[in-house]
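> Below are the structure tokens for one structure; questions will follow.
The values are calculated or read from the model by the stated rules, or taken from the named source; none is laboratory data. No experiment lies behind these values; they were computed from the predicted model shown. Don't worry about glycine lacking a Cβ; one is built from the backbone with ideal geometry, like all the others, and counts go over all protein chains shown.
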Amino acid sequence: MQKIYPAKLKKGDMVRVIAPSFSMAIISSGVREIAARRFSEMGLSLSYGKHVEEKDVSNSSSIESRVADIHEAFADKSVKAVITVIGGFNGNSLLRYLDWELIRQNPKIFCGYSDITVLNNAIFAKTGLV
């Protein structure tokens, strides 16, 4: 499989924040403000997935909501990078529902840690997106 390298970020670019594992609802307003300020200082704009605030008993949201936010982030031409709120323990539950062709056709930086590693590895394995 051919490796696909997403474009580098530049000032003015849009970064989409999504929550494919734990919800943004568990993040304090102070931490959110610091993060938004840091992105702004780098010259980047933030937008948010429709479902980042949803929270169930496991501090997450439904598979459908999380997959929808991933797909919308990759489909949106104005979004140049996708960053996840936080890790968790249920990112692997999304794998069978992801549209790999959509992701491959719309290469973007995809960044996260902890549980998000399963998504990073699957995206690379299924699409070649580094």
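> Just give me the residues in segment 113-128 being within 14 Å of the chain's Cα centre (by Cα) and modelled with pLDDT of 95 or more, in sequence order.
Once the filter is applied, which keeps residues that are within 14 Å of the chain's Cα centre (by Cα) and modelled with pLDDT of 95 or more, segment 113-128 yields 116, 117, 118, 119, 120, 121, 122, 123.
> Which of the residues belonging to segment 61-94 are of a type in the set (Ser, Thr, Tyr) and touching a strand residue (DSSP E or B) at 6+ places or on another chain (Cβ under 9 Å)?
Matches in segment 61-94: 78, 84.
> Identify, by number, the condition in (1) more than 12 Å from the chain's Cα centre (by Cα); (2) modelled with pLDDT of 95 or more; (3) over 23 Å from residue 6 (Cα atoms) that residue 22 doesn't meet.
Answer for residue 22: the failing condition is (1).
> Look at segment 120-130 and say how many of its residues are touching a helix residue (DSSP H, G or I) at 6+ places or on another chain (Cβ under 8 Å) and either more than 12 Å from residue 74 (Cβ to Cβ) or of a type in the set (D, E, K, R) (or both).
Qualifying residue count, segment 120-130: 4.
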